[in-house]
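Beneath this line is the structure, given in structure tokens, with notes to follow.
None of the figures in this text is laboratory data; all of them are computed from the coordinates on show. Computed from a predicted structure; not experimentally measured. Positions of Cβ are generated from backbone atoms using ideal geometry, with glycine treated the same way; all protein chains shown enter the neighbour counts.
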Amino acid sequence: MLEKSDIKKIEEITTEFFEKIDSGISAEVEQTDDNNVEINVKMGNPQVLIGENGQTLKGVERLLRLALRNNVEKRLYIVLDINDYKRKKREYLEQKAREAADEVSLTGVEKRMPALSAAERRVVHMELQNREDVRTESEGKDPERQVVIKPND
């Protein structure tokens with residue numbers, strides 16, 4: 001479990017990290033459970049740090065994780081989100097998964113989602129795991145791996 005002093009240190013390092021990029025960036029640090037920390041960043045031009053399909057965001061998250069691991073004694077897992085990009089992407093994937101599952105349930109014909117990252121495929125699987133009318137499977141090889149939604153016979 002992270003102490004208040006650890007959270008304070010994470011906030012200081014995160015603020016300093018983003019101030020070096022742009023002074024107009026604000027960051028909010030929230031401990032979600034034991035050693036998990038969500039860092040929500042707000043900025044005027046988020047695309048600069050998000051990049052195409054979130055690729056730059058992944059790199060920024062790795063750099064921030066390294067900076068924090070070198071300065072915080074305890075093991076921690078961070079999730080960085082910029083202007084709610086990841087939250088909105090997750091909600092979009094959940095909606096598309098439900099729509100595809102409804103279509104599969106009505107037509108009885110399997111449906112393939114576009115190629116997704118492992119994290120995105122997990123969102124789809126988790127969203128549909130409790131449905132009794134469909135099942136999901138991942139097929140193919142990365143980076144073209146897809147979720148296939150099939151009727152549950």
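Quick notes on this one:
- Gyration tensor (alpha-carbon) shape descriptor, the range 88-151, a/c threshold 1.5: oblate
- GluC sites (Glu not before Pro) restricted to DSSP loop in the range 52-153 with at most 16 other C-beta within 10 Å: Glu73, Glu110, Glu132, Glu144
- Both radii are taken from the alpha-carbon atoms of the chain; with Rh as the Kirkwood radius, Rg/Rh is 1.07.
- Residue-by-residue Karplus 3J(HN,Hα) for the range 77-85, coefficients 6.51, -1.76, 1.60, Hz, glycine and proline x: 10, 10, 10, 9, 10, 10, 6, 6, 4
- Nearest-ten-degree value, helix 4-19 long axis tilted from longest Cα axis of the chain: 90
- Along its principal axes, the range 60-109 has C-alpha extents of 55, 22, 12 angstrom, given from the largest down.
- Positive contributions from Lys and Arg (+1) and negative ones from Asp and Glu (-1), summed over other residues with Cβ under 12 Å from the Cβ of Val148, come out at +3.
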